[in-house]
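None of the figures in this text is laboratory data; all of them are computed from the coordinates on show. Small disclaimer: the values here were computed from a predicted structure and weren't measured. Neighbour counts are summed over all protein chains in view; Cβ atoms, including those assigned to glycine, are modelled from backbone coordinates with ideal geometry.
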Amino acid sequence: MAVALTSAALLAAGCSSSGGKGGEENSSGAGGGKGVNTPRMTIAMVSHSGEGDTFWDIVQSGAKDAARKDNVQFDYSHDDEAGRQAQLVQSAIDKKVDGLIVTLAKPDAMKGAVKKAVDAGIPVITINSGGEHSAGFGAISHIGQDEAIAGEAVGDELNKRDRKKALCVIHEQGNVSLEERCAGAKKTFDGEMSTLNVDGTNMPDVQSSVEAKLQSDSDIDTVLTLGAPFAATSAKAKEKAGSKAEIDTFDLNAQVVKGLKDGSFGFAVDQQPYLQGYEAVDALWLHSYNANELGGGKPVLTGPAVVTKKDVPRLEKYTKRGTR
Amino acid sequence: MTAAPTPTPSGAPGATEENATTQAGGTAGSGGAGKTAGSDERLVHRPLLQRLLGRPELGAVVGAVAVFVVFSVVAESFLRASSLSTVLYASSTLGIMAVPVALLMIGGEFDLSTGVMVTTSSLVSSMFSYQMTANVWVGVGVSLLVTLGIGLFNGYMLVRTKLPSFIITLGTFLMLTGLNLGLTKLISGTVSTKTISDMEGFASAKALFASELSIGPVGIQVTVVWWLGLVVLATWLLLRTKAGNWIFAVGGGQHTARAVGVPVARTKIGLYLGVALGAWISGQHLLFNYDVVQSGEGVGNELIYIAAAVIGGCLLTGGYGSAVGAAVGAFIFGMTSKGIVYAQWEPDWFKFFLGAMLLVAVLLNAYIRKRAEANR
């Protein structure tokens, strides 16, 4: 009560005339119209995401938009620990879902659960990572980005930009796909590339570690971050360290788009997470409606798409509403 | 208070109280329970050096010097002023939390919800301002109330249920992790908050929580000032006030403390409020430094705060430790984690080096404390 009163009093005291909800434009989402009239089906998605990851949020909004159009009940669950992720797949099988979307970040741990789903007659589509194992496990299709190819695209882009010494910031030590991104970039990049491990759940640690690295090696002219939230933090670190390095990043968010626009970031590599969610649900619907199979046994790639300053006007409003 | 051996009617309750105090004090590490009648050993003047050797933070200070020397030798860029500023910044973001956490541990309790409580605090601040289109200072104020409310909840649940704080705050930790995510998504539509940097009051709040002060050619982050301020405040509280005595007493043994009239419940709740205050300061720094807050952040930091307090000489069992020690512990942590980067050691081994250096610092700390106690 006291809290409510005080906050009400505080509220009366000060309103902001700039920014905030009041300054927000109305954003339009997809799927507002009428959907199909096929029988209601249930599709479960089980990802390896940790808590509160922006990326998976976008995947989900893609999946939900497709679900609305396709008259699908969409269930999402996730666990970043492989054993528990496999248990979640098992419970989806127990619920007898009509379709399953699963990520293979740790393929060996997921193999058994995915096989069980296939044996139970549930069509499976894998998304995001683990494309090379997808067909072997009996999935219909794989929709995602090949991390090594994405990394190689970054290496090429860095060459094009005439960079000499790059730093690859890994925000989750031991994550296979992050390591693959760095390795891919290292492979095609003509300059020298070193890596740095930081603690992604602790932003001040990310900042001070990048700062320390830039201070200890002033020749670094490029910082490559592997997730959108770390790009802005690295920009801060660069400023503190008095470095001239260019910040480039994997994945997009509103802050990255803003940074691309004002020139504080060089480029971003988008793997179009919305597409991964949307296409997976839609492909399962097509499989049930028309027995279609997407990809011809090969992974369907949603990235990499290199995004620079000139793409910003097109993308800005989509990142703001959280679909790009 | 001199112990009166003559059993006079008026002296009897006094004598019981005396015994109880020495018992509580004994576990609190003064180490001289029931020595002699006549002169009180607590009043004996000891030489400065000996007094210094008896301080809980001594081991940590020696450990810090050792770590400093190691990195000064192996990393050429470590000793530059700008590098030291970075190290201080890294230490201060831990230290702001490590100091109140140390007080709580001296009081004999844990808090596992600290890491995510920091995130909660910044999320509340950011989302309130944004959704209400309010001056950001309003959000900052609401966030203070909410964060203190969480501290109050922890403390109140603890003293009411008498369950171990480990369990209670584990519950809070998990609930807050879920709330952070659930509410952020419900309110903002995504898992991170919207930018508030273009709102009124942002600049002045940033000046207080996330600015850089230039001292000569070097920039010092304002968090360092908050950190040192908290150390001074906590040290004064522990060593110069009645509340400080209460903290040591409840950590030494809450039943004896209660028996001699220490308000145990109030002290413990107060300690949790202190932790919440620290979380609020850290949370506001997070918000105003990065503008946008990721709702999944902060998990795992609670252990680093506890580690810093323990490196700094706090006992896991309570009743012993110091605020200065916790600050030095945070400094050791900051120096080690950044020093490894300055030294350009193989990054894949980072965690191993970090763990090994910390273990060595703690061992050195324990060894010195043992030596110091033997010499007393």
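Can you pull the mean other chain C-beta count within 10 Å for peptide B:125-137?
Values: counts 0, 0, 1, 3, 5, 7, 4, 9, 10, 11, 8, 4, 4.
The mean count of partner-chain Cβ atoms within 10 Å per residue comes to 5.
Could you work out the local net charge near residue A:209, counting Lys and Arg as +1, Asp and Glu as -1, over the other residues with Cβ closer than 10 Å to its Cβ?
On the way: positive: A:213, B:338; negative: A:199, A:205, A:211.
So the surrounding residues net to -1.
Rounded, prolate or oblate: which fits the protein assembly as shown, taking a ≥ b ≥ c as square roots of the Cα gyration tensor eigenvalues, rounded meaning a/c under 1.5, else prolate when a/b beats b/c? If you can, show how the numbers build up before the last one.
Details: a/c = 2.01, a/b = 1.72, b/c = 1.17.
Note, shape of the protein assembly as shown comes out prolate.
Expressed as a rounded percentage, what relative contact order does chain A have, with Cα pairs under 8 Å and six or more residues apart?
On the way: 629 pairs, mean separation 58.8, N = 324.
Reported relative contact order: 18 percent.
With Cβ to Cβ distances under 13 Å as the rule, what net charge do the other residues near residue B:90 carry (K, R +1; D, E -1)? Please list the in-between numbers first.
Details: positive: A:213, A:240, B:338; negative: A:199, A:205, A:211.
Here the charged neighbours net out to 0.
Calculate the dipole size of chain A relative to its Cα centre from +1 charges on Lys and Arg beta carbons and -1 charges on Asp and Glu beta carbons; express the result in debye to the nearest 20.
On the way: 36 positive and 44 negative charges, 170 e Å.
Dipole about the Cα centre, nearest 20: 820 debye.
Please compute the Cα-Cα pair-distance distribution of segment B:48-375 with 20 Å bins starting at 0, giving whole percents from short to long.
The calculated distribution, bin by bin, is 31, 57, 11, 0.
Angle check, please: helix A:273-290 long axis (alpha carbons) against the longest principal axis of chain A (alpha carbons), in degrees 0 to 90, nearest 10.
The answer is roughly 10 degrees.
Ignore the peptide's own chain and count Cβ atoms of other chains within 10 Å of each Cβ in B:293-301; give me the average, rounded. Don't skip to the end; give the middle numbers.
Values: counts 2, 12, 5, 9, 7, 4, 5, 3, 5.
Mean inter-chain Cβ contacts per residue within 10 Å come to 6.
Helix B:323-342: angle to the longest alpha-carbon principal axis of chain B, degrees 0 to 90, nearest 10?
Tilt of helix B:323-342: around 40 degrees.
How much net charge surrounds residue A:72 when only other residues with a Cβ under 12 Å from its Cβ are counted (Lys, Arg +1; Asp, Glu -1)? Spell out each step's value before the answer.
Working: positive: A:40, A:64, A:68, A:69; negative: A:65, A:70, A:75, A:98, A:282.
Combined, the nearby Lys, Arg, Asp and Glu give -1.
Beyond a 28 Å Cα-Cα separation, which of these cross-linked pairs lie in this structure: A:165/A:320; A:69/A:309; A:187/A:298; A:240/A:317; A:116/A:186; B:162/B:242? Could the numbers behind the result be given before it?
Values: A:165/A:320 33 Å; A:69/A:309 33 Å; A:187/A:298 23 Å; A:240/A:317 31 Å; A:116/A:186 38 Å; B:162/B:242 24 Å.
Over 28 Å apart, Cα to Cα: A:165/A:320; A:69/A:309; A:240/A:317; A:116/A:186.
Divide by every residue of chain B the summed helix terms, -39500 (n - 2.57) for each DSSP H run of at least 4, and state the resulting mean residue ellipticity at 222 nm, rounded to the nearest 500 deg cm²/dmol. Present the calculation step by step, with values, prior to reporting the outcome.
Numbers: 15 runs with 261 residues, N = 376.
Taking each H run of at least 4 residues, the total per residue is -23500 deg cm²/dmol.
Angle check, please: helix B:58-74 long axis (alpha carbons) against the longest principal axis of chain B (alpha carbons), in degrees 0 to 90, nearest 10.
40 degrees
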